[in-house]
Amino acid sequence: MKILITLFTGLLLCLLISCNSGNKEQMHAENPGPQNLKEKGFLVAEPIIYDVVVLNPDPEDRWTTEKLEKLHKEALVELIFQAVEEGKVTAWNYHTDEKMSIKDIHTLEKTDEFNKSKIGKIQFIEDWYFDEKRMRMTKVVKSIMLAYEVYDQFGKVRGYKAAFRIDLN
């Protein structure tokens, strides 16, 4: 069972890496948009929702540390917050699905519980396409939700709390 989990995790990482490789111009030239993706591949998930741990809550877990060593989480978080601040994307309350204002974001940032460095999970909502002729899988990220760590009385991660969601495409 442990081997299957390891193989599945490795396959998922390979898919994530391959979906992020190449420059944007090349990706857009090959896959101009979701409508054209349907013509180029079989829609295998519409949507699929999954979480990715982006901050290792257990320093003893070397496998998670190794998986995350090439992730630039702080840069991604800053890019998302900056895009919200500049009005390029809208932040949505994960629980109520209501639009959040810049003031709401600033209020979140001022709480004792929240800190950008505590963002420990990202939830993705994606559509997955598989092109069996070219043996290529394409993922279209539809939304990203940031979640930050919440601790118990002993300083251990108790769970994650949604900060906000942004929609893409």
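All conditions but one from (1) basic (Lys, Arg); (2) crowded, with 17+ Cβ neighbours inside 10 Å; (3) under 17 Å from ILE80 (Cβ atoms) apply to LYS116; the one that does not is (2). Within the stretch 66-88, residues that are of a type outside the set (Val, Ile, Thr) have Cβ atoms under 8 Å from residues that are in a helix (DSSP H, G or I) and at pLDDT 95 or above in these pairs: GLU74/LYS116; GLU74/SER117; GLU78/LYS116; PHE81/ILE105; PHE81/LYS116; GLU85/ILE102; GLU85/ILE105, counting only partners at least 6 apart in sequence or on another chain. Of all residues in the stretch 111-128, one or more are more than 15 Å from ASP167 (Cα to Cα) and touching a Ser or Thr at 6+ places or on another chain (Cβ under 9 Å). For the stretch 69-106, the set of residues classified as exposed (fewer than 12 other Cβ atoms within 10 Å of the Cβ) and under 16 Å from ALA162 (Cβ atoms) consists of HIS95, THR96, ASP97, GLU98, LYS99, listed by residue number.
The values are calculated or read from the model by the stated rules, or taken from the named source; none is laboratory data. Bear in mind that the values here come from a model prediction, so they are computed numbers and not experimental data. In this analysis, Cβ positions are derived from the backbone assuming ideal geometry, glycine residues included, and neighbour counts consider all displayed protein chains.
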